[in-house]
Amino acid sequence: MRNALVARTTGETQVSVNIEVDGTGNSEIQTGIGFFDHMLTLLARHGLFDTTIKAVGDIQVDGHHTVEDTGIVLGQALAKALGDKTGIRRYGTAFIPMDEALAMVSLDISGRPYLVFEADFSTGRVGDFDSELVEEFMRAVVTHAGITLHIKLLAGKNTHHMIEAIFKALGRALAEATRLDDRIKGVLSTKGTL
């Protein structure tokens, strides 16, 4: 089974993530930030990852530390669960509509962290969540999971819909990239390592 439990405690947050890559999309998410919980639930469901995330942070300041640190720990857990990446398809791309919004996510579980984030949101907040934290979360995940990630918001007016399309697309692309393929011997690289 490809699973991992990672916990991290700082002066600002306490975060734990338990992830089962070969799951069914069940999740238990508690970060103290309602909209962020909703997005992480969508990520787990559309990625078919069984996921438990518990985060306690200084949200009386704002959500930045909690969101970023959750991304760090999620990235670490994903990397740990995938191990040496033997047999994974490595690449994943998804185009996901959410009403008027359309998001494209394309990624490579390459071991080389890189983020291209092209999304302009209509509003600065959705509920108790700062829209600019989407990019911070994605940067934290890719840095600690070793993923090259391209996100492009192709259409949208409603910020909730735009962010939701991005998280669903990330889930679908990760589901594709982490999938095992018995035709792949070792890792999908001419170098022999990822």
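Please treat every number below as a calculation from the coordinates, not as lab data. All values reported here derive from a predicted model rather than from experimental measurement. Using ideal geometry, Cβ is built from the backbone for each residue, glycine included, and neighbour counts are taken over all protein chains shown.
Just a few scattered comments:
- Summed over the stretch 180-194, the residues that are of a type outside the set (Gly, Ala, Ser) and touching an Asp or Glu at 6+ places or on another chain (Cβ under 9 Å) give a count of 5.
- Per the listing ASN26, ASN3, the residue uniquely in contact (Cβ under 8 Å) with a residue 60 or more places away in the chain, surrounded by fewer than 17 Cβ atoms within 10 Å (Cβ to Cβ), closer than 18 Å to ALA175 by Cβ and of a type in the set (S, T, N, Q) is ASN3.
- Evaluated against (1) aliphatic (A, V, I, L, M); (2) in a helix (DSSP H, G or I); (3) out of contact with any Pro (no Cβ under 8 Å at 6 or more places or on another chain), ILE151 falls short on exactly one condition, (2).
- Residues of the stretch 41-73 that are under 17 Å from VAL15 (Cβ atoms) and touching a Leu at 6+ places or on another chain (Cβ under 8 Å): LEU43, PHE49, THR51, ILE53, GLY63, HIS64, VAL67, GLU68, THR70.
- When ALA169, ALA175, ALA119 are screened for being of a type in the set (A, V, I, L, M, F, W, C), more than 20 Å from ARG89 (Cα to Cα) and buried (at least 16 other Cβ atoms within 10 Å of the Cβ), only ALA119 passes.
- Extreme residue, surrounded by the most Cβ atoms within 10 Å (Cβ to Cβ), among residues of the stretch 153-166 that are in contact with a helix residue (DSSP H, G or I) (Cβ under 6 Å, 6 or more places away or on another chain) and not small (Gly, Ala, Ser): ILE163
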